[in-house]
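Before any comments, here is the structure.
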Amino acid sequence: MISFLIRYYFDELSTWVVLTPLFFSFLMFFIFLEMDLLQTHLLFTLTSFSIVCTAFFDFQKRYKKMFVLFPMPFNTFLTANSLFLSGIILSYCSYSVFCSAVLRSLIEKQLVFPSLTNWLILLCVNFIFLALCMVLYLTKFQFIMGLLPFLILLSISSSTPYLRQFVDSIPLLFCVAVLSFVLSILITNYFSTRRDIV
Amino acid sequence: MNAIEVKHVSKQFKSFRLNDVSFTVECGTIAGFIGQNGAGKSTTIKLILNLFKKQAGEILIFGKDHLTHEIASKAQIGVVFDELHVPNNLTAKELNNIYSKVYSTWDSDYFYRLLDQLDVPKFDKVKSMSRGMKMKLGLILALSYHPKLLLLDEPTSGLDPIVRDEVLELLQKFMKNDEHAILFSSHITSDLEKIADTITFIHKGEILFSENKDDLLYGYGIWKGTPEQAIVIPKHAIIGKQDSAFGVKYLVKREFVNPVIELEKPTIDELMLLYVKGRV
């Protein structure tokens, strides 16, 4: 059932999932040479993911009644949702790191391998971001999700030194990412099973 | 056996309280659920479905608690709301693909047969369908996994008489199995007069009565006359009263009125109106 739900989510949101990173790849291409590499990666993955995440939560909200009436435990939905969004994070981060390696190889005219460190940092930051989105979705401030791409653009472009410090320790970042993701799932599970569905 | 047992259920909202609601729906019966807008009909249905979380009381579906056996209960309940809650960009055929994966008892042949029978297009997107078509599709979706219980929340509101008649016919077919039951909330009391076996009346979050329809319609009577003639009606027999330019109209309990006095059989509309507005 989980794989069916993931396939169904992808069918419904395929346009968003595929076209958003393509659009941002085009934009990022112009600032690729001007900005710090990690900054570009973060900008690309977070803005693309925030848009897809907003589309996904909007879809969930619109058809909540249909999903809730299905004879399935809530945990099945939670697992499918988490796996679907995790899969998107994984593919966007991999795509970003791979594309930048290809571009650098072309520019420097020598083979540049994708950076595993950057890939891990991107994954961790994106999972922290996903945890934030999941908790935000439970609150009255869901409308902020629509503004997230702009907030990300502003904050990342103005906070590079702090960002470097934050992502310096990968083990710490990894722990924060895992902890925040698990916490957000527990919070979602707690509130979603106790709330009225209007 | 009871398909639904609602026992002393309460739920508090900011400006509305569903207070100590109790009623049952027996297998083999269609229960009409009536009341004004905002009386608590949809809230009660949502509580049964656990869309709203109850604060007190107990709800049993086929004798089992609706929370501890939630998944099994949902598989046995077909639900039709006043709107169709499925993705608008899908066609009936695509919905068949989705529902067949979700419900183990889904019957695709029956689904297509019902689509043909009710002239619902297979390849049109839901967003391009008329309201009547959407309601018919909603009912077909609810019936195609062979549920034992149907919960219908105003399914016929806004439909033309022909579509309404088709829907009612489908419901009557569903009731050929004695194990089946329907809880049918509606404003259109003529529909309930046609098909309901019992009537449950909710007003301001409280159940005023839940009785067999025939007992209700034959147990009460409408008396019309002038205020001077009204002395023949004992005061304790009068349930509701309505004054007009031509005289008075009383809703009375037949058992307390002299049998020689001529009484009209009330409609469900009159019962509702006089119970609520003309309460003595």
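The values are calculated or read from the model by the stated rules, or taken from the named source; none is laboratory data. These figures come from a predicted structure and were not determined experimentally. Positions of Cβ are generated from backbone atoms using ideal geometry, with glycine treated the same way; all protein chains shown enter the neighbour counts. Note: accessible area is taken over every heavy atom of the protein model, side chains too, but ligands, DNA and RNA are not part of it. Shrake-Rupley method; radii C 1.70, N 1.55, O 1.52, S 1.80 Å.
Remarks
- Residue check, A:THR139 in contact (Cβ under 8 Å) with a residue 60 or more places away in the chain and either open to solvent by less than 10 Å² (accessible area, probe 1.4 Å) or of a type in the set (Val, Ile, Thr) (or both): no
- Selection status of B:ALA92, in contact with a Lys or Arg (Cβ under 9 Å, 6 or more places away or on another chain), surrounded by fewer than 17 Cβ atoms within 10 Å (Cβ to Cβ) and small (Gly, Ala, Ser): no
- Of all the listed residues (B:PHE81, B:PHE111, B:PHE33), the sole one being of a type in the set (A, V, I, L, M, F, W, C), open to solvent by less than 10 Å² (accessible area, probe 1.4 Å) and within 16 Å of B:ALA142 (Cα to Cα) is B:PHE111.
- Between B:LYS41, B:LYS53, the distinction of being modelled with pLDDT of 90 or more and within 10 Å of chain A (Cβ to nearest Cβ) belongs to B:LYS53 only.
- For the residues B:LYS54, B:LYS74, B:LYS11, B:LYS7, the requirement of being of a type in the set (D, E, K, R) and in a helix (DSSP H, G or I) singles out B:LYS74.
- Test for A:THR76: is it more than 27 Å from A:SER115 (Cβ to Cβ) and in a helix (DSSP H, G or I): yes
- So A:PHE59, is it open to solvent by less than 20 Å² (accessible area, probe 1.4 Å) and within 18 Å of the chain's Cα centre (by Cα): yes
- Among the candidates B:SER22, B:SER42, residue that is polar (S, T, N, Q) and not in a helix (DSSP H, G or I): B:SER22
- Selection within region A:84-106: residues that are open to solvent by 70 Å² or more (accessible area, probe 1.4 Å) and either assigned to a loop (DSSP other than H, G, I, E, B) or in contact (Cβ under 8 Å) with a residue 12 or more places away in the chain (or both). The member of this set that is nearest to A:TYR9 (Cα to Cα) is A:LEU90.
- Selection from region B:35-58 of residues that are in contact with an Asp or Glu (Cβ under 8 Å, 6 or more places away or on another chain) and either polar (S, T, N, Q) or within 18 Å of B:HIS180 (Cα to Cα) (or both): B:SER42, B:ILE45, B:ASN50
Quick grid of which residues meet (1) under 30 Å from B:ILE77 (Cα atoms); (2) of a type outside the set (A, V, I, L, M, F, W, C):
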residue	(1), (2)
A:SER50	no, yes
A:SER82	yes, yes
A:PHE98	no, no
A:THR117	no, yes
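- Pairs, first modelled with pLDDT of 85 or more in region B:255-266, second open to solvent by 80 Å² or more (accessible area, probe 1.4 Å), C-beta under 9 Å, six or more apart: B:PHE256/B:HIS236; B:GLU264/B:LYS224; B:LYS265/B:TYR218
- Count of residues meeting criterion [of a type in the set (S, T, N, Q) and part of a strand (DSSP E or B)] in region B:25-39: 0
- Looking across A:LEU42, A:LEU27, A:LEU33, one residue alone is at pLDDT below 85, open to solvent by less than 10 Å² (accessible area, probe 1.4 Å) and aliphatic (A, V, I, L, M). It is A:LEU42.
The rows are residues; the columns are (1) within 30 Å of B:LEU114 (Cβ to Cβ); (2) at pLDDT 85 or above; (3) touching a helix residue (DSSP H, G or I) at 6+ places or on another chain (Cβ under 8 Å); (4) open to solvent by less than 10 Å² (accessible area, probe 1.4 Å).
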position: B:LYS173; (1), (2), (3), (4): yes, yes, no, no
position: B:LYS176; (1), (2), (3), (4): yes, yes, no, no
position: B:ILE182; (1), (2), (3), (4): yes, yes, yes, yes
position: B:ASP197; (1), (2), (3), (4): yes, yes, yes, no
position: B:LYS204; (1), (2), (3), (4): no, yes, no, no
position: B:TYR218; (1), (2), (3), (4): no, yes, yes, no
position: B:GLY221; (1), (2), (3), (4): no, yes, yes, yes
position: B:PHE246; (1), (2), (3), (4): no, no, no, no
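- Selection from region A:37-72 of residues that are more than 18 Å from A:LEU13 (Cα to Cα), within 14 Å of chain B (Cβ to nearest Cβ) and either among the aliphatic types (A, V, I, L, M) or in a helix (DSSP H, G or I) (or both): A:LYS65, A:VAL68, A:LEU69, A:MET72
- The set of residues from region B:114-133 being part of a helix (DSSP H, G or I) and either open to solvent by less than 60 Å² (accessible area, probe 1.4 Å) or under 20 Å from A:TYR8 (Cα atoms) (or both) comprises B:LEU114, B:LEU115, B:VAL126, B:LYS127, B:GLY132, B:MET133.
- A search for C-beta distances below 8 Å between a residue of region B:37-54 that is under 22 Å from A:PHE191 (Cα atoms) and any residue that is part of a helix (DSSP H, G or I) and of a type outside the set (A, V, I, L, M, F, W, C), counting only pairs 6+ apart in sequence or on different chains, returns B:LEU49/B:LYS74; B:ASN50/B:GLU70; B:LEU51/A:LYS65; B:PHE52/B:THR43; B:PHE52/B:LYS46.
- Test result for B:GLY158, open to solvent by less than 60 Å² (accessible area, probe 1.4 Å) and outside any helix (DSSP H, G or I): no
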